[in-house]
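Inspection log for the structure reproduced underneath, given as structure tokens.
The values are calculated or read from the model by the stated rules, or taken from the named source; none is laboratory data. Because the structure is a prediction, the values reported are computed rather than measured. Methodologically, a virtual Cβ is constructed for each residue, glycine included, from the backbone with ideal geometry; neighbour enumeration extends over all protein chains shown.
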Amino acid sequence: MDGPASVARGNGMSKESDGFLSRVSERAKSTRLGNITAARSVADAVRTSLGPRGMDKMVQTETGDVLVTNDGATILEKMNVQHPAAKTLVQLSKAQDIEAGDGTTSVVVICGALLEASLELLEIGIHPTIISECFQIGLDKSLGVLESMSTPVDLENREELVRAASTSLNSKVVAQHASLLAPLSVDAVLSIAGDERQGADLRNIRVVKKLAGTVDETELIPGLLLNQTAESGASGPTRIEKAKIALIQFQLSPPKTDMENSVVVQDYAAMDRILKEERTYILQLVKKIKATGANVLLIQKSILRDAVTDLSLHFLAKVKIMAVTDIERDEIEFISKTLDCVPIASPEALSADKLGKAELVEEVSFGSEKVVKVTGISTTPDKPKTVSVLLRGSSQMVLDEAERSIHDAMCVVRCLVKKRAMIPGGAAPEMEVSVQLAKLAKQLPGHQGFCVGKYAKALEVIPYTLAENAGLNPIEIVTELRKLHAEGLQTYGINVKKGTVTDIGEEQVVMPLLVFTSALSLATEAVRMILKIDDIVMTR
Amino acid sequence: MASQGLSVDGERQHGQDVRTANVTACVAISNIVKSSLGPVGLDKMLVDQVGDVTVTNDGATILKLLEVEHPAAKLLVELAEQQDEEVGDGTTSVVILAAELLRRANELVRSRIHPTTVIAGYRLAMREACKYIKSTLATPIDKLGREALVNAAKTSLSSKILGSAESDLFANIAVDAVMATKSSKKEDGEMYPLSSIHMLKAQGKSASESQIMQGYVLNAPRASQSMPTSVSPAKIALLGFDLRRAKMKMGVTVTLNNPEEINKIQEKEIDLTALRIQTVLNAGANVIFTTKGIDDSALKYFSGGNAIACRRVTMKDMRRIARATGATLQLNMADLNGDESFDPSMLGHAEEVYEDKIRDDTVMMIKGPKVQPINTVLLRGPNEMMCDEMQRSLIDATSVVKRMLDSNMVVAGGGAIEAAVSTHLENFATMLGSREQLAIAEFAEALLVIPKTLAVNAAKDATDLVAKLRAVHSLAQSDPTKISLSKCGLDLAEGAVRNNFNAGVIEPAVGKIKVIQFATEAALTVLRIDDLIKLNKKENTGEALE
């Protein structure tokens, strides 16, 4: 702790005559100041990337890779901040990412504004514990206001969901592709949500990135997509209709024992036998696989042995089995879930009932890149549903950013599945909460009223920043918005496209209630925590 | 709000500073390639760390070899490479246009226009430009005559090393080469897989002696002089395995107690290979290509069987030969009985395979393949650098021809498109009452950088020429009777304005649209960045903590 803290310590020393007690409080004050300043600087760093017209950050990582992103959680994660209090904000953003998936920038910006408010309160001499408690009151009331202004969502109404996903995508680098990606994310999430629509596990969506073409060519595949390619060395088939798929975890190569071994040849005739033995061994394996009726083989990667050899590929090609190798261990679960097949660990365990069935397995190529598509999978109704998304982009940077954006959009839809309520976007809820809280604050006694008032004021940071990032006059916009909300026009917000304040409900910019409630709760809790810290002790 | 005190392990730059730095870096890149634009553009000589020299006029190649460090400039280079991959031509234009857009955007931001407004304006302008090209400027050609294709190839070649005297020859070579790859076996129409164009570079003789040859030239000599120099009709076997003495796998040790056994083992090694060769020959093959080696002691079996064998043929050649002759590459000879055999249906057929000489190299000629005709472009030139550059130019030209065949839409070249779009956007901007107007006007201005650079590179009076060009286009767009003037571009030899469409300077419309799209996309990506965080290298921080 250099900077403010060490300076403050110096001050404490000079006031030694004030006695022990005051020195401690002086130190606590400076610690708090230091923490708040550090945390606020983090919030300031991401502020400009908020909203549909937000700017991007370019981060050059330790390894020299360049990353361009608009995603708050990613920026903070890569930024490598050092101050311990600043780190809490980074984690805050990550928590929001896990909880809601979207609003990772908002949560940090709100937190920054709340910290600024608490700093003002501290300066007037209000005790941090009181501030902390009042903020909790503010939060509770806000959540009530939000609940009351939300509208229920019908999951059958696809268009409504698409609108929510578009709102999230519009602030990303890939905004111009929102019209394609938004329906895609909705369909993806809904198709895995199951009939009861109780929740959606995003792990059941597999995103495969391919560096070819443009983001426009991204597609949703109701089936399985493998990043691996079909082994074509021996001109084996790359397209199989009415496929029966075996997922194997053993290798089609000459066996090795675990220990160091060597085969000793003492006779020239033995050479023939060895070669022949190898052929027969592989042949037996291939015949066994063929006997189960399988015509597509997915082979798990092995570090000890080659998964396939030229010889086994040759045999597989002869019996017209398509082989896909290098399946990663962690993909096995998803694949077996999708194909409804059982991974086969040894040749002895091969049997026809362990195979997955699909209408078509084919290798598709785009330029120099290839993927294997499995479509028309026959399913049993009770098993979890999965889908794959083929994400394409022209450069690695665009691709990575598109993946993050599509993840956010899917999270938005997931939030709606979890909690079926929506609120308008465009900073309308923030302003509404702020206005309602300000009214309430006037009725609260003493310190409470004052602190809640500040809390209400701090929430205006979102409309303010949104307007600022859109190149509008923030003071003018925020004032007008506040006036409209005071008149009871709940749904009015900032229309970034038109550059004015309009009825956001009509513009159909909506977001899930959960995103905002989670952001607000997390931000408030983080602030409360930072306020309660009164000393930092560095240990080695 | 100043954000001091953000302690990051590294450097942080934000706001206007980072924007200016990024723009400067991009403009620097553009300045490097600027002088190579156009038919009279000059070449660059690049020397890499090893000392290898590349002389080129191709924007993509220059950028690839530059090893750009600045992150923003890297973005620009990546997008230019994308253009190279998607269109194959116009990389230099992308870079120049993107840098100009950035430079102007930065000026706008400095004069207190918010970057988001500039971004919105640019995006609007880009959409309008593409729409205008598609609806008004592009000329659809239902049935592309050969002449149009040759002209387009010529336009692409004109800016390259092959441009001057030999453009006729090479334009025809490019068109022939592309047409030869035509395959319509897929349901979705005709395909022109450019990867199957075979080019062979041979130093010596003048570039004008380059030619397109019937048949496939394989740059590999016969494995032995005792083999026949020609076989007809040829039955070709493509092998993917070794024809050297059979070796035992790792982990197999030969232990002998009796010295006489050594001979037997050695014999066995040769016998195993001999048996394989015999199996292939028995299947009827008289030409054998393998990607691996052939043992010298095994050559006699081929000679005895009156067959030609070549060793160490590249996989690329193998695939092309396989496609043309209908052969199947065999990685292994094992059959389902556990024995080894060779199926005659795996053989490819050609009328004749014979040995020929190009320069001092002996090559194998494969004539009259049975499945698909195949051509070889033979490039001649005084030195290696020249040959390399010729190959790059020709690849660009072939991709232009392919684009033409794919899209059937052409536009006039020589700065005509840029001037027309610029004029249109200027009118479009004045119709718009919003704040984006300024950005669109700047976009229009920025497009003129292409004709300007063309004129400057041709040592003509750029100001004068561009002014004339704009006057013509303004007339074309205001007076419906003079619509044909919209195809006017620069005649860089004469230093005048002329109808480039009639003069045969044409380009595929897709290429031009992509140039504008990619350049705008690149500019916007860079413009959207307002923060640059450079993290220190890991190793350094480790030491710093100590």
Quiz item: Can you tell me which residues in the stretch B:350-372 are touching a residue at least 60 places away in the same chain (Cβ under 8 Å), under 28 Å from the mean Cα position of the chain (by Cα) and exposed (fewer than 15 other Cβ atoms within 10 Å of the Cβ)?
Solution: B:Arg359, B:Asp361
Quiz item: Can you pull out the strands (runs of 3 or more DSSP E) entirely within the stretch A:245-336 that have at least 2 residues that are within 25 Å of A:Glu359 (Cα to Cα) and out of contact with any Pro (no Cβ under 9 Å at 6 or more places or on another chain)?
Solution: A:296-300, A:322-327
Quiz item: Taking the stretch B:100-137, which residues are within 14 Å of chain A (Cβ to nearest Cβ), hydroxyl-bearing (Ser, Thr, Tyr) and out of contact with any Gly (no Cβ under 7 Å at 6 or more places or on another chain)?
Solution: B:Ser111, B:Tyr122
Practice problem: Give me a count of the residues in the stretch B:495-520 that are modelled with pLDDT under 85 and either on the phi > 0 side of the Ramachandran plot or among the charged types (D, E, K, R) (or both). | Solution: 2
Quiz item: List pairs: first in the stretch A:281-300 and more than 14 Å from chain B (Cβ to nearest Cβ), second part of a loop (DSSP other than H, G, I, E, B) and of a type in the set (Ser, Thr, Tyr), Cβ under 7 Å, 6+ apart or cross-chain?
Solution: A:Thr292/A:Ser351
Practice problem: Identify all residues within the stretch A:503-540 that are surrounded by 17 or more Cβ atoms within 10 Å (Cβ to Cβ) and of a type in the set (S, T, N, Q); write none if there are none. | Solution: A:Thr517, A:Ser518, A:Ser521, A:Thr524
Quiz item: So, in the stretch A:86-102, of the ones that are within 12 Å of chain B (Cβ to nearest Cβ) and surrounded by fewer than 24 Cβ atoms within 10 Å (Cβ to Cβ), which residue ends up modelled with the highest pLDDT?
Solution: A:Val90
Self-check item: Meets criteria (crowded, with 20+ Cβ neighbours inside 10 Å, at pLDDT 85 or above and under 22 Å from the mean Cα position of the chain (by Cα)) for B:Val175
Solution: yes
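Listed here are the residues, each with its yes/no results for (1) surrounded by 24 or more Cβ atoms within 10 Å (Cβ to Cβ); (2) among the hydrophobic types (A, V, I, L, M, F, W, C); (3) in a strand (DSSP E or B).
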site: A:Asp400; (1), (2), (3): no, no, no
site: A:Pro429; (1), (2), (3): yes, no, no
site: A:Leu440; (1), (2), (3): no, yes, no
site: A:Ile462; (1), (2), (3): yes, yes, no
site: A:Ile475; (1), (2), (3): no, yes, no
site: A:Ile494; (1), (2), (3): yes, yes, yes
Practice problem: Evaluate the following for A:Asp408: is it of a type in the set (D, E, K, R) and surrounded by fewer than 22 Cβ atoms within 10 Å (Cβ to Cβ)? | Solution: no
Exercise. Please identify the pairs in which a residue from the stretch B:326-347 that is facing chain A (nearest Cβ under 7 Å) has its Cβ atom under 7 Å from the Cβ atom of a residue that is hydroxyl-bearing (Ser, Thr, Tyr) and not in a helix (DSSP H, G or I), counting only partners at least 6 apart or on another chain.
Key: B:Thr328/A:Ser235; B:Leu329/A:Ser235
Exercise. Could you list all residues from the stretch B:340-349 that are under 33 Å from the mean Cα position of the chain (by Cα) and aromatic (Phe, Trp, Tyr)?
Key: none
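Residue-by-condition table, conditions (1) within 14 Å of chain A (Cβ to nearest Cβ); (2) in contact with a Cys (Cβ under 6 Å, 6 or more places away or on another chain); (3) among the polar types (S, T, N, Q); (4) at positive phi:
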{"residue": "B:Lys268", "(1), (2), (3), (4)": "yes, no, no, no"}
{"residue": "B:Thr273", "(1), (2), (3), (4)": "yes, no, yes, no"}
{"residue": "B:Gly284", "(1), (2), (3), (4)": "no, no, no, yes"}
{"residue": "B:Phe289", "(1), (2), (3), (4)": "no, yes, no, no"}
Quiz prompt | Selected residue (only one of B:Val68, B:Val55, B:Val18, B:Val8 is closer than 17 Å to B:Val526 by Cα and either more than 12 Å from every other protein chain (Cβ to nearest Cβ) or modelled with pLDDT under 85 (or both)) | solution = B:Val68
Exercise. Give me a count of the residues in the stretch A:326-354 that are surrounded by 14 or more Cβ atoms within 10 Å (Cβ to Cβ) and under 20 Å from A:Gly223 (Cβ atoms).
Key: 15
Quiz item: Can you tell which of B:Val231, B:Val217 is touching a residue at least 24 places away in the same chain (Cβ under 8 Å) and under 30 Å from B:Asp271 (Cβ atoms)?
Solution: B:Val231
Quiz item: Looking at (1) crowded, with 18+ Cβ neighbours inside 10 Å; (2) of a type outside the set (Phe, Trp, Tyr); (3) farther than 30 Å from B:Phe518 by Cβ, which is the one condition that is false for A:Arg158?
Solution: (1)
Self-check item: Those residues of the stretch A:157-187 which are over 19 Å from A:Leu202 (Cα atoms) and either without any contact (Cβ under 8 Å) to a residue 12 or more places away in the chain or in a helix (DSSP H, G or I) (or both), in sequence order
Solution: A:Asn157, A:Glu159, A:Glu160, A:Arg163, A:Thr167, A:Ala175, A:Gln176, A:His177, A:Ala178, A:Ser179, A:Leu180
Exercise. Any residue in the stretch B:406-434 that's in contact (Cβ under 8 Å) with a residue 12 or more places away in the chain: show its pairings with residues that are surrounded by fewer than 17 Cβ atoms within 10 Å (Cβ to Cβ) and in a loop (DSSP other than H, G, I, E, B) at Cβ separation under 8 Å, as long as the two are six or more apart or on different chains.
Key: B:Asn408/B:Ile141; B:Asn408/B:Asp142; B:Asn408/B:Leu144; B:Met409/B:Ile141; B:Val410/B:Ile141
Quiz item: Which of the residues spanning the stretch B:297-315 are touching a residue at least 24 places away in the same chain (Cβ under 8 Å) and not in a loop (DSSP other than H, G, I, E, B)?
Solution: B:Ser297, B:Ala298, B:Leu299, B:Lys300, B:Tyr301, B:Phe302, B:Ser303, B:Ile308, B:Ala309, B:Cys310, B:Met315
Exercise. Mind listing just one residue for me: the one in the stretch A:30-75 that is in a strand (DSSP E or B), at the interface with chain B (Cβ under 7 Å from one of its Cβ atoms) and not β-branched (Val, Ile, Thr) and, of those, surrounded by the most Cβ atoms within 10 Å (Cβ to Cβ)?
Key: A:Lys57
